[in-house]
Amino acid sequence: MEATQKTMKVTVLRYRPEQDKEPWEQTFDVPYHKDTSVLEALFYIKDNFEPSLSFRWSCRMAVCGSCGMMVNGVPHLACKTFLRDYEGKDMKIEPLANFPIERDLVVDLSDLIEKIERIKPYIIPDAKNANMPLNKNFKQTPMQMEAYLQFAQCINCGCCYAACPQYKLNPKFIGPAALTLLYRYNTDNRDAGAKLRAPFLNSEEGAWGCTFVGYCSEVCPKHVDPSSAIQLGKKMSATDYVFNMIKPEH
Amino acid sequence: MRQFLPTRSDEPMYWLMFGAGGMVASMVLPAITVILIAAGLTSGDLQHGVLNLGQVASIFSNWFLSLVVFGIVFLLSFYALHRMHHSSHDFGIHSKLTWYIAYGSAAAISFISLGLQLLMYVKFF
Amino acid sequence: MSEVKSFRKPYNPPVNKMTWWLENSFYTKYMIREGTAVLALFAVLEIVFGIFMLALCDIGPIPTLSGIAPYAWYLQSFLGNPVIIALNVIVLVSQLYHAITWFALMPPFVRIFMNKNSTELLPRWIITASLYAAFAGATVVILGVAFLTV
Amino acid sequence: MEKYQADVAIVGAGGTGLRAAIAVAQADPKLKVALISKVYPMRSHTVAAEGGAAGVVRDDDSYQKHFEDTVAGGDWLCEQDVVEKFVRQAPQELYQLEHWGCPWSRKPDGNVNVRRFGGMKVPRTWFAADKSGFHMLHTLYQTSVQFPSIHRFDEHFVLDLLEEDGECRGVVCYDLQNGVFRQINAKAVFLATGGAGRCYLFNTNGGIVTGDGMALAYRHGVPLRDMEFVQYHPTGLLGCGLLMTEGCRGEGGVLYNKDGYRYLQDYGLGPETPVGKPQNKYMELGPRDRLSQAFWNESKKGRTIKYPLGEAVHLDLTHLGEKYLHERLPLICELAMTYSGVDPVKAPVPVRPVVHYTMGGIETDGNTATRMPGLYAGGECASVGIHGANRLGSNSLVETIVFGKIGGDAMVERAHNVKDFDSAELTRQAEAAEKRALSLFDVKGTESMSKIRHEMGQSMEDGVGIYREEESMQKTIDVLKNLQKRIVNVGLTDRGRVFNTEWMNLIELGYTLDVAQCMVHSAINRKESRGSHQRLDGPDGAYKQRDDLNFLKHSLAFKSTDGADEPRIDYSGVKITTFQPAKRVYGAEAEAAEKARKAAQEAK
Ligand SMILES: Cc1cc2nc3c(=O)[nH]c(=O)nc-3n(C[C@H](O)[C@H](O)[C@H](O)COP(=O)(O)OP(=O)(O)OC[C@H]3O[C@@H](n4cnc5c(N)ncnc54)[C@H](O)[C@@H]3O)c2cc1C
Ligand code: SF4
Ligand code: F3S
Ligand code: FES
């Protein structure tokens, strides 16, 4: 645990909407030791060189989802990425890809948020359970919980959207995190809302917009495995399709 | 505020065929390719080389084996053209035309194969 | 909400729809994986072409040389052509690549529990391993039959 | 400036703010709710809570026991009528979250499970592995999106409250994304802005936990209550301060000093319980203040372990085994691995006490109303009276939902009784606030913001830490006074309006500094030791003891009206209903005391 100090050349993409036509690069020499995260490197830059540098952060423990950004071209959480892993190389920090850049490392996430909210991410109970009294819980065995729990670990950081080429090519694609959330609620045994969410799952913009590139799962810092959730979602959608052919709803 | 719900995609149908075809491609296509290569290498010997007349005749005179060959051709062509259709999206081409070309060609290839196989079955045996 | 005035001027980084997949090796591998379909299509066309040539033949009870000329041409001049042989070797490599990636893609589709009372999921390696076993079995059977019946 | 006419304005979209918004939306969908937060709701610091939330469900448990644990844990500085209400509503709210989809960990039969927690007699802490706050927050956020009457103002930073005729009537905020200001009028305003851990250097809190709401209320004449009570959590990861949840000890983790000795038995928490068999209120499951104090004493005795990053003790979980640890404490394993390079499965984790929670806050009654009509407060930024001098772990997550709901209902009532309004005066105030914020751009000084922040944090650690003395506290008072003078000379390097975090951080730092001042002034005036406020001084060490005669009362920090740049400290009574103050004891001593009490009761 020695605090040996080395330095790394860190290049940050800057963009100030009121002054700049387009983003530009700025390079800093940042001292670091074994435990220095990219987020701390940014603190160092903000405190010592460029107080005007803007980036989002809060928890610094990889749970609030604020600090997604590109490190050497790959989406990462700044607080969970360490300079030690880039030893001997230079580092380039850019805002999350595939989102409009608002300022410096801050991107416009409103599209992601809108999609998360669009797919009805809440329990829609069936009539029988709609008014369950507040001294009783739904029965849910550990196994029933395990069926969706991994897909409930998403922190909405947006890394998977920055990774997904289908989202890059077609911003209408509902995308990995939101589709994962949809699948999470559909598989929760307390929920009976799959019918209401089906239109989103079954559409071109839904599960079918995914060509299983799989990079989303690769970069997800919380190991949510969105690509798996989407493929399971495709299975769900295909089953629904076949049933609908046999017995149409209208 | 009214929400416009997106329409249901017909993708599941193609996707199911694509999945089956992809599985066929990975399970048997390498072996088939080896046979094609071997046939090319042994093609001097029309009687004892790989895919010699006797071999192929016994395949196409057997309705079951013939059906298996057709199945492979059908699934593989849908699988391959489905993937190519999606790849056109990956190059930024979003046109209904690629849809027609892809599934049209796959259907054509399958029909041709089926027709020829039937023809052979009736004509030769 | 209506904006009275906004200081925003978001910058949309340009997307090159033709070359994006060269930006990153993960994307490139994905495109190669998708590209194997072209060679699979080539193999299918070869097969159908063979069926076509065979259908042109006239194999009566006693096949004559002229009767089987189309298929003989297919075997000797087409499949036997060194260019085609080389192409088929590429097809083989590409389909092996496809098989490997395909088997890697399957486990995410399977989310089942080990047994009734456990919260442990069936491990992914079991699914992958059984796919490889099936692949080996199918290959042995097909090649065995093909080479043993000549 | 754009104006939004709401019925209810809620500042803060953490557990408290979201619960309040849902309560309003459910009670009356016609009421327009403005939910304002300086970050997206799921970034709020509730997300970081690990251990769980307390609520009575087991047959061998009772409201009475939860009540007694809470009041005794708070060293009798609790409002007992509020605690009574709180413990009754807690399970209800926890079940409500379960119905909304929160993945509370289960027993094999499909019912919710509870775990042990420090200072609680009976296991009663509901948990979702060790991501309880994360799952609660996401459940609340996701549930809230189905209510169209909730209008969210995400990434809007509140600059000031609007008041007219002594009533709170709205807020003015800065929209970070668009760079514009917004005035939001409302019949009721609810502050749910969370804690103020960022007053200190070494803390478990997120960067956004800067005490904004407390400072806003304080600047408008509402007192901050019991601000001297700042909780140190005994097990923060050495170096970064990230939290190793109390659940670690609840599951059976033990603490060793450098001699491999379980030192807690030397501090009235013994006798030693067998490793792997934790017992409530003994040893590692004693209350947080006691454990943090024990560390301080061990350090004085030279029995802590020296690391390059500082002194630590060892939190040992290795005996629990890999499978159990990964199931019950997955986040802990990940955090320790990532941020400290230690795998808890294989080796003990170096930990030390770290600032964690502000027991005090905006003074409110049991229904979250402050003394200013129209202004309500709940959650960590408020002092509704349940934590007293020391909060028990897992009482505050449940506080957010219980008082979020209560606050929501209270505001619905007010919104039904107050007429809609807008006035030139409110607009004038909003414009003044805008002008004040913009004037920061004109400062030409050379003072450094990061230096001020660092000096504040350091002097708070030095002066108002685990143990406190007149002299060091006075030093902190002087430092903070000086920093207040320096902060007006911070020149900004950038005048941009979109996402200008430099500008926003400066305003935040102003809030934090005000709150820090309230903490140290409240502390220096409390000449006794109680809960998390422990003194070492006084004539003959008199302040080392609890002094119910003079200090069984809340301290109130008011903004001085005479222009002085320091708060004025006053006091108010403590509501005691049934549970008379007694000595706060743990371990074997507690058992003896309990027996004696029972005997006395029987004798009667
Ligand atoms: C690491 C950690 C672990 C914890 N573990 C537990 C536990 O196991 N059990 C337990 O009971 N408690 C625990 N706690 C305590 C508990 O999590 C908090 O007390 C509680 O979550 C506070 O919730 P809140 O809603 O009051 O505030 P927060 O969740 O902090 O939300 C504050 C909100 O206010 C907004 N806000 C603040 N200032 C402004 C402004 N100026 N303008 C606009 N918006 C603003 C923020 O954006 C945010 O939305 C833990 C705390 C920490 C730090
Ligand atoms: S799925 Fe993973 S990468 Fe995507 S938003 Fe959620 S946590 Fe981030
Ligand atoms: S990267 Fe994109 S295409 Fe699908 S598997 Fe992931 S969403
Ligand atoms: S700061 Fe919260 S996820 Fe990185």
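Annotations for the structure displayed:
- Unmet criterion (only one of (1) touching a strand residue (DSSP E or B) at 6+ places or on another chain (Cβ under 8 Å); (2) over 21 Å from residue D:358 (Cα atoms); (3) surrounded by 23 or more Cβ atoms within 10 Å (Cβ to Cβ)) for residue D:53: (2)
- Residue pairs whose Cβ atoms lie under 8 Å apart, sitting 6 or more positions apart in sequence or on different chains, and linking a residue in segment A:154-178 that is farther than 18 Å from residue A:66 by Cα to a partner that is in a helix (DSSP H, G or I) and within 6 Å of ligand 2 (Cβ to nearest atom), are A:164/A:176; A:167/A:176; A:175/A:160.
- Scanning segment D:503-557 for residues that are part of a helix (DSSP H, G or I), of a type in the set (D, E, K, R) and buried (at least 19 other Cβ atoms within 10 Å of the Cβ) yields D:508, D:514.
- When residue D:499 is tested against (1) assigned to a loop (DSSP other than H, G, I, E, B); (2) touching a helix residue (DSSP H, G or I) at 6+ places or on another chain (Cβ under 9 Å), exactly one condition is not met: (2).
- Residues within segment A:134-180 that are of a type outside the set (Gly, Ala, Ser), within 16 Å of ligand 3 (Cβ to nearest atom) and more than 21 Å from residue D:143 (Cα to Cα), tallied: 13
- Among the criteria (1) hydrophobic (A, V, I, L, M, F, W, C); (2) open to solvent by less than 10 Å² (accessible area, probe 1.4 Å); (3) out of contact with any Phe, Trp or Tyr (no Cβ under 8 Å at 6 or more places or on another chain); (4) closer than 30 Å to residue D:66 by Cβ, the one residue D:186 does not fulfil is (4).
- Just one residue in the set C:105, C:56 is open to solvent by 10 Å² or more (accessible area, probe 1.4 Å) and touching a helix residue (DSSP H, G or I) at 6+ places or on another chain (Cβ under 7 Å); that residue is C:56.
- Helices (runs of 4 or more DSSP H) contained in segment B:33-125 and holding at least 3 residues at pLDDT 95 or above: B:63-90, B:96-124
- Of the numbered criteria (1) aliphatic (A, V, I, L, M); (2) open to solvent by 40 Å² or more (accessible area, probe 1.4 Å); (3) more than 22 Å from residue B:69 (Cα to Cα); (4) within 26 Å of the chain's Cα centre (by Cα), the one residue C:65 fails is (4).
- Within segment B:57-70, the set of residues being more than 9 Å from chain C (Cβ to nearest Cβ) and either open to solvent by less than 10 Å² (accessible area, probe 1.4 Å) or within 19 Å of the chain's Cα centre (by Cα) (or both) comprises B:59, B:63, B:64, B:65, B:66, B:67, B:68, B:70.
- Within segment B:25-43, being facing chain C (nearest Cβ under 7 Å) and of a type in the set (Gly, Ala, Ser) holds for B:25, B:26, B:31, B:39, B:40, B:43.
- Residue that is farthest from residue D:406 (Cα to Cα), among those in segment D:161-180 that are assigned to a strand (DSSP E or B) and open to solvent by 10 Å² or more (accessible area, probe 1.4 Å): D:180
- Within segment C:88-102, the set of residues being closer than 13 Å to residue C:39 by Cα, surrounded by fewer than 19 Cβ atoms within 10 Å (Cβ to Cβ) and more than 7 Å from chain B (Cβ to nearest Cβ) comprises C:90, C:93, C:97.
Here is a yes/no grid of residues against (1) open to solvent by less than 20 Å² (accessible area, probe 1.4 Å); (2) within 16 Å of ligand 4 (Cβ to nearest atom); (3) in contact with a helix residue (DSSP H, G or I) (Cβ under 7 Å, 6 or more places away or on another chain):
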| residue | (1), (2), (3) |
| --- | --- |
| A:193 | yes, no, yes |
| A:219 | yes, yes, yes |
| A:226 | yes, no, yes |
| A:245 | no, no, no |
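- Residues in segment C:44-80 that are at the interface with chain B (Cβ under 7 Å from one of its Cβ atoms) and in a loop (DSSP other than H, G, I, E, B) were compared, and the one that is farthest from residue B:106 (Cα to Cα) is C:63.
- Odd one out for residue A:241 among (1) within 12 Å of ligand 3 (Cβ to nearest atom); (2) within 11 Å of chain B (Cβ to nearest Cβ); (3) over 20 Å from residue A:124 (Cβ atoms): (1)
- In segment A:24-106, counting only strands (runs of 3 or more DSSP E) that sit wholly within it, the ones holding 2 or more residues that are open to solvent by less than 40 Å² (accessible area, probe 1.4 Å), more than 16 Å from ligand 3 (Cβ to nearest atom) and of a type in the set (A, V, I, L, M, F, W, C) span A:24-32, A:68-71, A:91-94.
- Residue A:94 at negative phi and facing chain D (nearest Cβ under 10 Å): no
- Residues that are of a type in the set (Val, Ile, Thr), within 11 Å of chain D (Cβ to nearest Cβ) and within 30 Å of residue D:501 (Cα to Cα) do occur in segment A:116-139.
- Any hit, segment D:449-468, residues being touching a strand residue (DSSP E or B) at 6+ places or on another chain (Cβ under 9 Å) and open to solvent by 30 Å² or more (accessible area, probe 1.4 Å): yes
- Among the residues of segment D:560-604, those that are touching a His at 6+ places or on another chain (Cβ under 8 Å) and surrounded by 11 or more Cβ atoms within 10 Å (Cβ to Cβ) comprise D:566, D:567, D:569, D:571, D:572, D:574.
- Candidates C:32, C:126, filtered to the one that is open to solvent by 30 Å² or more (accessible area, probe 1.4 Å), farther than 18 Å from residue B:28 by Cβ and under 13 Å from the mean Cα position of the chain (by Cα): C:32
- Every residue from segment D:366-424 that is open to solvent by less than 10 Å² (accessible area, probe 1.4 Å), in a helix (DSSP H, G or I), more than 21 Å from residue D:47 (Cα to Cα) and β-branched (Val, Ile, Thr): none
- Of all the listed residues (B:54, B:92), the sole one being facing chain C (nearest Cβ under 7 Å) and open to solvent by 20 Å² or more (accessible area, probe 1.4 Å) is B:92.
- Any chance residue D:158 is among the aliphatic types (A, V, I, L, M) and not in a loop (DSSP other than H, G, I, E, B): yes
The values are calculated or read from the model by the stated rules, or taken from the named source; none is laboratory data. None of these values were measured; they are calculated from a predicted model. Heads up, the Cβs are rebuilt from the backbone with ideal geometry, glycines too, and the neighbour counts pull from every protein chain shown. Each accessible area value is taken on the protein alone, full model and side chains, heavy atoms only, with ligands, DNA and RNA left out. Shrake-Rupley method; radii C 1.70, N 1.55, O 1.52, S 1.80 Å.
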